[in-house]
Amino acid sequence: PHAPAADAPAGCPAAAPAPALFTWEFAADPYPAYAWLREHAPVHRTELPSGVEAWLVTRYTEARQALADGRLSKNPVHHSEAAHGKGKVGIPGERSANLMTHLLNIDPPDHTRLRRLVSKAFTPRRVAAFAPRVQELTDHLIDGFAQRGEADLIHEFAFPLPIYAICDLLGVPREDQDDFRDWAGMMIRHGGGPRGGVARSVKKMRGYLAELIHRKRESLGDTAEADEDLISGLIRASDHGEHLTENEAAAMAFILLFAGFETTVNLIGNGIYALLRHPAQRELLQKSITAGDTDPLTTGIEELLRYDGPVEMATWRFATQELTLGGQRIAQGDPVLVVLAAADRDPARFTEPDVLDLTRRDNQHLGYGHGIHYCLGAPLARLEGQTALATLLTRLPDLRLAAEPDALRWRGGLIMRGLRSLPVEFPPE
Ligand code: HEM
């Protein structure tokens, strides 16, 4: 990544130079730079590593406001550069693959219709019923390294758990799930890198999903409705007699995979890392789990999301008309990135925001977004996060970091925040 040196905006004291954004140092710890932006340039125009210019919104109040502002569209056709063929937003390969009509790329009324349909199939009840399977998967993955005394918790734990979980939930047959793991691995490893590989993976995933959906439609009704997988539920879901088309169902399955995968990898990875660096907090959590008190685990997952959440910036938004945000004029067509990681450390909203406090109660963080695009998968993410952390801390209570924090590398993507690897050691089980 390069480092465009942002100039201090007019009216700011020249003594405080703007910090460099998008460098390796920034990726390792963006929080000091975000503190500077919140204070001096809360709605800040900058050039992103891709060359696209966008506004970064870093204060809690404006962030929440922007997430709920109907004048900020999710549809990339509103991007001023899209009109000139320069649009560099979205998932590589996705445009051609016709998976564009998913929730994170559309506005009401289409969004309202699709979200209502998917909500009928992807219910909290379905997620709750999935808990034993998440536990089984978690234990199976820990079995794979528990006797070795060391592991890379990203590759062997945080990465495979969500992909197998979402595949199971959707109804991807077990024998095909390793293909998904490989495609997803390509997307996560090279998200900002060689486009060819990612585009190919997206294309393969799309082809597979289209065929799977077709097959599921043919066999709809062979299984009792209560035991149906999520894809069959999506096909069956109807709203005022309306159903998803096969293409819409494919795009929906894709966005569930795409939105529910790397996010959860990072929730587990960032969460374990934060606990390893805060021994007193980790001890508090371990003791409460052993004592059967689930309270700190519940509040703790929310605090880990606030403190170092998986989604550093909410996905793209584009101004459909000129508007003012935090005193800044934003022109029609300008891209806006709401920096959730910065908003969630805003001292104007959170007491001692840089302190990790797993028992924090006043914690309306923006880690899952806000407004009509609020995370649809939050119940599943919570289930996976709680199961993963509780099981790991119970089975390997003496887990410790096997690398200096400075030696750890963070993935350099724009939207997500997560570690490339997390080496740990522990007395073998
Ligand atoms: C939307 C975060 C897990 C599915 C979002 C948004 C955020 C978010 C911030 C809003 C983006 C925006 O407004 O630009 C997270 C985090 C997760 C997580 C932090 C894990 C800890 C999941 C899972 C699934 C999922 C497991 C599904 C399996 C979705 C979908 C949307 C969404 C479908 C789009 C909703 C809409 O546009 O109406 N998520 N997510 N997420 N998330 Fe999640």
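The values are calculated or read from the model by the stated rules, or taken from the named source; none is laboratory data. Note that the structure is predicted; figures quoted are calculated from it, not measured. Cβ coordinates were reconstructed from backbone atoms using ideal geometry, including for glycine residues, and neighbour counts include every protein chain displayed.
Go through the range 339-380 residue by residue and tally those that are closer than 26 Å to residue 113 by Cβ and out of contact with any Gly (no Cβ under 7 Å at 6 or more places or on another chain). Count: 11. As for the range 253-266, it holds at least one residue that is in contact (Cβ under 8 Å) with a residue 24 or more places away in the chain, more than 27 Å from residue 50 (Cα to Cα), within 16 Å of the ligand (Cβ to nearest atom) and of a type in the set (Gly, Ala, Ser). For the range 361-378, check the following and say yes or no: at least one residue is within 16 Å of the ligand (Cβ to nearest atom), on the phi > 0 side of the Ramachandran plot and under 14 Å from the mean Cα position of the chain (by Cα). Yes, the range 361-378 contains at least one residue that is within 16 Å of the ligand (Cβ to nearest atom), on the phi > 0 side of the Ramachandran plot and under 14 Å from the mean Cα position of the chain (by Cα).
Filtered by the rule that a residue be free of Cβ contacts under 8 Å to residues at least 24 places away in the same chain and of a type in the set (A, V, I, L, M), the range 20-79 gives 20, 33, 77. All conditions in (1) surrounded by 18 or more Cβ atoms within 10 Å (Cβ to Cβ); (2) closer than 27 Å to residue 414 by Cα; (3) modelled with pLDDT of 90 or more hold for residue 168, with the sole exception of (2). Search the range 305-333 for residues that are among the small types (Gly, Ala, Ser) and pair each with any residue that is away from the ligand (no atom under 11 Å from the Cβ) and not in a loop (DSSP other than H, G, I, E, B) when their beta-carbon atoms are under 6 Å apart and the residues are at least 6 apart or on different chains. Every condition considered, the pairs that remain are 319/330; 326/43; 326/62. Of the strands (runs of 3 or more DSSP E) entirely within the range 296-340, those holding at least 1 residues that are surrounded by 21 or more Cβ atoms within 10 Å (Cβ to Cβ) and near the ligand (Cβ under 10 Å from one of its atoms) occupy 317-319, 335-338. Can you confirm whether the range 142-154 contains a residue that is under 17 Å from residue 413 (Cβ atoms), of a type in the set (A, V, I, L, M, F, W, C), outside any helix (DSSP H, G or I) and under 20 Å from the mean Cα position of the chain (by Cα)? The answer is no, given that none of the residues of the range 142-154 is under 17 Å from residue 413 (Cβ atoms), of a type in the set (A, V, I, L, M, F, W, C), outside any helix (DSSP H, G or I) and under 20 Å from the mean Cα position of the chain (by Cα).
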